[in-house]
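> Mind looking over this structure? Questions follow.
The values are calculated or read from the model by the stated rules, or taken from the named source; none is laboratory data. Predicted model only: the values in this text are computed from it and were never measured. Every residue, glycine as well, gets a Cβ built from its backbone with ideal geometry; the counts of neighbours run over all protein chains shown. Protein only, heavy atoms only, side chains kept; ligands, DNA and RNA dropped before computing areas. Shrake-Rupley method; radii C 1.70, N 1.55, O 1.52, S 1.80 Å.
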Amino acid sequence: MLDVKDITVTYNNKFEALKDIELKVPSGNIYGIIGPNGAGKSTLIKAMLDLVPHSGSTLFNEKPVKTQRKNLSYVEQKSNIDTTFPIKVIDCVVLGVFPGLKPWQRPGKAEKDKAEQALKKVNMYEYRNRQISELSGGQFQRILIARTLVQDSELIFLDEPFVGIDITSENIIIELLRELAEAGRTILIVHHDLSKIYKYFDGLILLNKTLIACGSVSEVYTAEHVQEAFGTNILVSPDALKKEADSHDQSIYQ
Ligand code: ADP
Ligand code: MG
């Protein structure tokens, strides 16, 4: 169980980006973090990880998240990652095994094997000796997921992992994340494509500076909550989305 207790983030001691966020996410679930631009979605992840100053606390299995860094993975919003850094794909993934390893240090064979297995899972094995700068956005995102796989952490945070990537990469990633959740991992994904929420998530965290709702997708994605978060400009009607989800096979994994 991930337990967020009363998080407030005030940037530069004056701009309140998040206020009094209280929520719980049960283990073994994939939760989407949704809300308009500037709602504080990325800030919430950073506060949970203790990467920005905040009040309140975040517990995972009753212990502070910040004391469990080895047991968590965080894939930042893509724009924040320097893909021009000269490093080979395989070495980038191996860094997931040893977060402290420097690019010029040599990993052992066991680590390399583990990284190669992960690359096979994301269909990127044949790219193992390329530079990361040569990859497309979707391929690079798959490398970051391979890295998450070798880290084998129980708590996984992904910030907009599907922005600007191809649908093949998106499907590969979401299927692997589903496998991880089924194996008991707890996964939080900042996501803005509302049309996919029933397919991808077990639950949602809807926010706009304050928490609007947290729970199952149908509990959270109601007309009232969406209006509260996004204003009158509703992009995807909650009723239409629910109807569509009910009429189709709800799972893309079967
Ligand atoms: P989202 O991810 O939902 O788009 P963010 O968490 O990035 O939103 O940002 C929430 C608000 O906090 C925005 O108004 C943003 O401009 C502001 N903000 C984000 N990071 C900082 C920072 N380091 N310093 C000051 N303000 C910030
Ligand atoms: Mg963001």
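> Say R0 is 22 Å: what FRET efficiency, to the nearest 0.05, do residue 16 and residue 225 get from their beta-carbon distance?
Plugging the Cβ-Cβ distance into 1/(1 + (r/R0)^6) gives 0.55.
> Could you give the alpha-carbon Rg of the stretch 164-243 over 2.2 N^0.38 Å, rounded to two decimals?
1.16
> Still on this model: Where does the longest stretch of the chain lie that holds no chymotrypsin sites (Phe, Trp or Tyr not before Pro) found in a DSSP loop with 15 or fewer other Cβ atoms within 10 Å?
Between exposed loop sites, the widest span is 105-252.
> With an 8 Å cut-off on Cα pairs and a minimum separation of 6 or more residues, tell me the relative contact order of the stretch 17-73 in percent. Walk me through the intermediate numbers first.
Values: 27 pairs, mean separation 13.3, N = 57.
Relative contact order here is 23 percent.
> Throw me the Rg/Rh for the stretch 28-176, computed over C-alpha atoms with Kirkwood Rh, two decimals.
In the stretch 28-176, Rg relative to Rh is 0.96.
> So which GluC sites (Glu not before Pro) in the stretch 17-89 are both in a DSSP loop and have at most 14 other Cβ atoms within 10 Å of their Cβ?
62
> Within the set of other residues whose C-beta is less than 11 Å from the C-beta of residue 222, count the net charge using Lys and Arg as +1 and Asp and Glu as -1.
Neighbourhood net charge equals -3.
> Continuing with the same structure: Calculate, for the chain, the solvent-accessible area per residue in square angstrom, rolling a 1.4 angstrom probe over the heavy atoms of the protein chains. All intermediate terms of the calculation are to be shown ahead of the outcome.
Values: 12430 Å² over 254 residues.
Per-residue value: 49 Å².
> Bin by bin, in steps of 5 Å, what percent of the Cα pairs in the chain do you find, going until the bin that has the longest distance?
Going from the shortest bin to the longest, the percentages are 1, 6, 13, 17, 18, 16, 13, 9, 5, 1, 0, 0.
> Just to be sure I follow: if Rg is taken over the C-alpha atoms of the stretch 26-79 and Rh is the Kirkwood radius over the same atoms, what is Rg/Rh?
0.95
> Under the rule of -39500 (n - 2.57) per DSSP H run of 4 or more residues, summed and divided by the residues of the chain, what mean residue ellipticity at 222 nm is obtained, to the nearest 500 deg cm²/dmol?
-9500 deg cm²/dmol
> With a 1.4 Å probe and all protein chains left in place, how much of the accessible area of the chain comes from carbon and sulfur atoms, in whole percent?
Carbon and sulfur atoms account for 47 percent of the accessible area of the chain.
> Hey, another quick one. Are any of the pairs 70/112; 121/242; 46/78; 5/242; 63/209; 24/209 more than 22 Å apart by Cα-Cα distance, and if so, which?
From the list (70/112; 121/242; 46/78; 5/242; 63/209; 24/209), the Cα-Cα distance tops 22 Å for 121/242; 5/242; 63/209.
> While we're here: How large is the Kirkwood hydrodynamic radius of the stretch 137-188, counting all unique pairs of alpha carbons, in Å?
It is 11.1 Å.
> Sort 186, 83, 168 from largest to smallest accessible area, using a 1.4 Å probe on the heavy atoms of the protein chains.
168, 83, 186
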